[in-house]
């Protein structure tokens, strides 16, 4: 026995340790459903005999109790990295799928109100005019249906432009959020390095750090690298976004003007480091930002370009056929459809002819060999109707887009399953099981009671020694 | 996936995910039933959507052909009826000419009476020649005037004739048929003299008693009558062709509507059963989720 009161000290260390075990269990239970909380475990360590006794002396201690060597966060860094990667991929696919579904709803095919139907109705009204060329009603119908065709193309173009505008606004908002989160992560890193240097508990700060890193992965697909001192560095497209306590600022360097409109070039980003150096260009590899950029630069403009090509084919063929005919006054047919904006043929498509007598359905005009005007020849009406050949092209365009949407949705569904599984695996490791914590609490309680009993026993033993020795004869 | 550890969070998340999937399926079934269509957007079935669009396009073409054919049949029938009555009138005039040629038995008063009747026949023929279908003169070519012939038997709008194309209707894909006959083709012979002129000449000859002219009128009127009958038979042939095309287009309309329905429309019985099944699955998912809030170990410790 190393001293009269060493047993009491042993029991005391047990009491302290079991109390901290109880505290840990109660913290775990309290945070069972908190987002991002990683369960804690207190690790006990036996206090052994003194390793280096004084010179010429010998220690015959056996063991002196228990101490807590630290609180362990039950986390697997590799699993965390996997979770971040899968979440980044999932938000990329989800954002893309949602935007493309919205555009597809706007296309509104197959239906009785889309572009295909408008073109068909225009064609049949030309045939009806062929049947009754001197009928003002038939001519008015042709003009009305031509305006309907132009309107449906305008609507399609507007649909695409609106979605692109929404995505640009989303990019601007996302960049703001990224900068905020990066700054928060840098602050957390500073707190972590201060705390671990000072020896205090950094578990909660680590939880916050992991949450912020996950959010950045979802937004940008950035890679997170935990450092030895517990801080987390974030690299985006090869450049550093967060490095220790320093956070860079992400900016849109091209593609979106200050008021949110397009400036004609592809969207590009730059990172401004706190020391002033600029990394340009920075390409986000996944997450929401990459999805929005892909939509703005590739998916939506490609569809718009194909639509414009169809509109050009349609208007050129129709205008050519119209120019070959003669109107009710015998004059040569003029331009029928016109697109004023060469970058947006579909959106600026208009019907030039406003007077129904100027629809050139006759193949015989006032020029020699002349015929009297007006005439009821409709030799050009059939040619006008035949010049409308874009139905096939439009069907292919819609089919292509529909297939693309279906593919993205399938990929998103698969990725969602994968992400759920990875999340479940992480939850298995880090999640709080109330049953387990109840058992831990029970063990801690009983150990505490037993250690208290040890203390009582030693107390009684010492009481015997102190108060009841040497009282013979009293 | 073998699990070495299960937490309450995991159980509730799994239940929730399952419930979401079940609800998603129910929503899809409901959408199909309420819209009545399997394909509500191109991504539901891209190839089916293309087929549906193509079918709709063909359907509208065929319906247009039916409309065109109906209009053509109306025109041709009207022409046929008019030519029929005109042929019988010309035959009557021919008989009158025969009668008038018999100068031995006819007095000048009798011939004057014949002449009056010939005049009547002539004005009757002119008004028949101005017959119209839906406000367009049948024999006027591509004229926009209201009549083809004036009361002198002359064409009102000569440049509107002989243009080559005439009045055409598209009755099938790439097939056009000419449905009018121009006045000169029916009423004028190869020498360019119309039947109205012949009748006017006959009437004048009857009144003046010019037997040579009367005799020559007999031959001319016979030729005129034959010509009208020939044109009439040609009109008949065209009518048959248009009617055939119309019934083909009608059948095509039915077939295409059927095909479109097969591709696009939902089978109500099947969809209703599917909805019921999915609702049952959803209810089961809900029940399972409710049991996630299990009693824990704490309930059993003292």
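The values are calculated or read from the model by the stated rules, or taken from the named source; none is laboratory data. Since this is a predicted model, take the numbers as computed values, not measurements. All Cβ positions, even for glycine, are placed from backbone atoms using ideal geometry, and neighbour counts span all protein chains on display.
Residues in the stretch B:91-105 include none that are modelled with pLDDT under 80 and within 12 Å of another protein chain (Cβ to nearest Cβ).
Anything in the stretch B:164-189 that is closer than 19 Å to residue B:87 by Cβ and free of Cβ contacts under 8 Å to residues at least 24 places away in the same chain? List them, or say none. Answer for the stretch B:164-189, where residues must be closer than 19 Å to residue B:87 by Cβ and free of Cβ contacts under 8 Å to residues at least 24 places away in the same chain: just B:188. Checking each residue in the stretch B:83-107 for being in a loop (DSSP other than H, G, I, E, B) and surrounded by 16 or more Cβ atoms within 10 Å (Cβ to Cβ) picks out only B:106. Scan the stretch A:401-411 for residues that are in contact (Cβ under 8 Å) with a residue 24 or more places away in the chain and surrounded by fewer than 21 Cβ atoms within 10 Å (Cβ to Cβ) and the total you get is 3. For the condition out of contact with any helix residue (DSSP H, G or I) (no Cβ under 6 Å at 6 or more places or on another chain), part of a helix (DSSP H, G or I) and in the same structural domain as residue B:195 (by TED's automatic domain parsing), residue B:110 qualifies. Yes or no: the stretch B:136-144 includes at least one residue that is away from every other protein chain (no Cβ under 12 Å), crowded, with 23+ Cβ neighbours inside 10 Å and either closer than 24 Å to residue B:214 by Cα or at pLDDT 90 or above (or both). For the stretch B:136-144, residues away from every other protein chain (no Cβ under 12 Å), crowded, with 23+ Cβ neighbours inside 10 Å and either closer than 24 Å to residue B:214 by Cα or at pLDDT 90 or above (or both): absent. Candidates are the residues of the stretch B:35-47 that are facing chain A (nearest Cβ under 9 Å) and part of a helix (DSSP H, G or I); the one that is nearest to residue B:274 (Cα to Cα) is B:44.
Taking the conditions (1) in contact with a strand residue (DSSP E or B) (Cβ under 9 Å, 6 or more places away or on another chain); (2) closer than 23 Å to residue A:282 by Cα; (3) in contact (Cβ under 8 Å) with a residue 40 or more places away in the chain in turn, residue A:207 satisfies each one other than (2). Residues in the stretch A:381-400 that are in contact with a helix residue (DSSP H, G or I) (Cβ under 7 Å, 6 or more places away or on another chain) and without any contact (Cβ under 8 Å) to a residue 60 or more places away in the chain: A:399 only. For the stretch B:145-172, the candidate set comprises residues that are at pLDDT 85 or above and facing chain A (nearest Cβ under 10 Å); within that set, the residue that is surrounded by the most Cβ atoms within 10 Å (Cβ to Cβ) is B:169. Here residue B:234 meets each of (1) surrounded by 15 or more Cβ atoms within 10 Å (Cβ to Cβ); (2) away from chain A (no Cβ under 14 Å) with one exception, condition (1). Is it true that residue B:78 is at pLDDT 90 or above, more than 10 Å from chain A (Cβ to nearest Cβ), within 22 Å of residue B:188 (Cβ to Cβ) and surrounded by fewer than 18 Cβ atoms within 10 Å (Cβ to Cβ)? Taking the combined requirement at face value, the residue satisfies it. For residue A:158, the test of being over 18 Å from residue A:402 (Cα atoms) and under 20 Å from the mean Cα position of the chain (by Cα) is failed. Once the stretch A:114-140 is narrowed to residues that are free of Cβ contacts under 8 Å to residues at least 24 places away in the same chain and more than 9 Å from chain B (Cβ to nearest Cβ), the residue that is nearest to the chain's Cα centre (by Cα) is A:125. Annotation note: of B:118, B:66, the sole residue that is in contact with a helix residue (DSSP H, G or I) (Cβ under 8 Å, 6 or more places away or on another chain), closer than 22 Å to residue B:192 by Cα and assigned to a helix (DSSP H, G or I) is B:118.
Yes or no, residue by residue, for (1) touching a strand residue (DSSP E or B) at 6+ places or on another chain (Cβ under 6 Å); (2) under 27 Å from residue A:73 (Cα atoms); (3) assigned by TED's automatic domain parsing to the domain that holds residue A:42:
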| site | (1), (2), (3) |
| --- | --- |
| A:408 | no, no, no |
| A:413 | no, no, no |
| A:418 | no, yes, no |
| A:421 | no, yes, no |
| A:425 | no, yes, no |
| A:439 | no, yes, yes |
| A:444 | no, yes, yes |
| A:448 | no, yes, yes |
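Residues checked against (1) assigned to a helix (DSSP H, G or I); (2) touching a helix residue (DSSP H, G or I) at 6+ places or on another chain (Cβ under 6 Å); (3) modelled with pLDDT of 90 or more; (4) facing chain A (nearest Cβ under 10 Å):
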position	(1), (2), (3), (4)
B:2	no, no, no, no
B:5	no, yes, no, yes
B:12	yes, no, no, yes
B:15	yes, yes, no, no
B:18	yes, yes, no, no
B:22	yes, yes, yes, no
B:26	yes, yes, yes, no
B:29	yes, yes, yes, no
B:33	yes, yes, yes, no
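Does any residue of the stretch A:97-112 turn out to be surrounded by fewer than 21 Cβ atoms within 10 Å (Cβ to Cβ) and away from chain B (no Cβ under 12 Å)? Checking the stretch A:97-112: at least one residue is surrounded by fewer than 21 Cβ atoms within 10 Å (Cβ to Cβ) and away from chain B (no Cβ under 12 Å). Starting from residues that are surrounded by fewer than 11 Cβ atoms within 10 Å (Cβ to Cβ) and either under 30 Å from residue A:201 (Cα atoms) or at pLDDT 80 or above (or both), keep the ones in the stretch A:49-62 and report whichever is farthest from the chain's Cα centre (by Cα). Ranking the candidates gives A:52 first. Looking for something in the same structural domain as residue B:202 (by TED's automatic domain parsing), touching a strand residue (DSSP E or B) at 6+ places or on another chain (Cβ under 7 Å) and surrounded by 16 or more Cβ atoms within 10 Å (Cβ to Cβ) - is there at least one such residue anywhere in the stretch B:51-65? Checked against the condition, which is being in the same structural domain as residue B:202 (by TED's automatic domain parsing), touching a strand residue (DSSP E or B) at 6+ places or on another chain (Cβ under 7 Å) and surrounded by 16 or more Cβ atoms within 10 Å (Cβ to Cβ), the stretch B:51-65 yields at least one hit. The single condition from (1) at pLDDT below 90; (2) at the interface with chain B (Cβ under 10 Å from one of its Cβ atoms) that residue A:396 fails is (1).
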